[in-house]
1. In terms of the ratio Rg/(2.2 N^0.38 Å) built on C-alpha atoms, what value belongs to the range 32-137?
2. Per DSSP H run of at least 4 residues, take -39500 (n - 2.57); add these up for the chain, divide by its residues and hand me the 222 nm value, nearest 500 deg cm²/dmol.
3. How large is the convex hull of the C-alpha atoms of the range 70-219 per residue, in Å³?
4. Hey, can you grab everything whose amide H is under 5 Å from the amide H of D108? Only 5+ residues off in sequence or another chain; H modelled, so Pro and N-termini drop out.
5. Taking θ = phi - 60°, what integer Hz values does the Karplus form 6.51 cos²θ - 1.76 cosθ + 1.60 yield along the range 160-173, in sequence order, with x for Gly and Pro?
6. Rounded to whole Å, give me the distance from the Cα center of the range 17-45 to that of the range 70-95.
7. Among the chymotrypsin sites (Phe, Trp or Tyr not before Pro) within the range 1-104, which fall in a DSSP loop and have no more than 16 other Cβ atoms within 10 Å of their own Cβ?
8. Any idea how many Lys pairs in the chain come in under 24 angstrom at the alpha carbon, given 8 or more places apart or on separate chains?
Amino acid sequence: MADGVFGQQQAQDGASDFNTLSFVIRTALGRVRTGVPVVVKAVHGGGVGAPPTVDVQPLINAIDGQGNQTAHGTIVNLPVLRLQGGKNAIIIDPQVDDIGWLVIADRDTSALRKNQGKRSNPGSFRRFNLADGAYFGGFLNPADPTQYVQFTTSGIKIADKNGNVIELKSGQIAITGNVVVDGNISATGSITAGQGGADQVGLQTHTHPSNGSPPTPGT
């Protein structure tokens with residue numbers, strides 16, 4: 001049967017008209033696809049531009065009435081959810097082996113995708129087909145992230161895989177890592193350098209020895 005749906009009729013399903021009708025209804029409902037866990041097999045495009053598309057494989061096998069399993073094939077060129085409003089976006093493109101959720105439309109979306117989101121007629125009369133799904137990432141992924149944005153009880157933490165960290169805490173923004181600025185820096189408060197204590201120098205308060213040496217520690 002199409003779409004990997006196999007009959008699973010039991011002995012009692014033919015015992016009465018009601019049981020037969022119930023079996024027919026269950027079989028029809030088995031063809032209504034809503035959401036399917038999938039693994040990403042390939043990523044196409046992405047970055048600063050249009051969201052990528054992905055090739056995915058469903059992770060739940062099809063089985064027949066005897067329990068024989070059949071793995072699903074790969075579904076290609078599915079659109080990917082991106083958090084975006086107007087021209088503002090958070091870009092987190094999926095990667096191969098990511099596990100996500102495939103949400104299936106109830107009509108053929110091929111014409112809509114071809115027309116880049118403009119209102120369209122269904123591309124065909126197919127219904128609840130895996131090819132009309134969209135990929136939503138981040139589901140049962142085992143890997144711990146190495147770079148992230150974390151909302152905590154004390155503020156927001158941004159970390160990358162190079163060890164650089166920005167933490168927004170009560171009364172301060174703490175930065176771990178070297179800071180390179182291409183532009184001007186303005187501050188209404190004081191600017192102090194040093195590890196603390198006697199070696200600290202202030203931008204506006206420090207003094208120099210008369211011989212032109214570096215700033216005097218503690219000033």
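Bear in mind these aren't lab numbers, they're just calculated from the coordinates by the rules spelled out. Since we're looking at a predicted model, the values are computed, not measured. Virtual Cβ from ideal backbone geometry, glycine too; neighbours counted across all protein chains shown.
1. Details: Rg = 14.8 Å, N = 106, 2.2 N^0.38 = 12.9 Å.
Relative to the 2.2 N^0.38 Å estimate, the range 32-137 comes out at 1.14.
2. On the way: 2 runs with 18 residues, N = 219.
Calculated mean residue ellipticity at 222 nm is -2500 deg cm²/dmol.
3. Numbers: hull volume 32.7 nm³, N = 150.
Normalising the Cα hull of the range 70-219 by residue number yields 218 Å³.
4. Those lying under 5 Å, H to H, from D108 are G123, S124, R126.
5. Result, rounded to whole Hz: 10, 6, 8, x, 7, 9, 10, 10, 9, 10, 5, x, 6, 10.
6. If we compute the Cα centre of each part, the gap is 22 Å.
7. On the way: sites: F6, F18, F23, W101; in loops: F6.
Filter output for the range 1-104: F6.
8. Details: K41/K114; K41/K161; K87/K114; K87/K118; K157/K169; K161/K169.
Counting lysine pairs in the chain gives 6.
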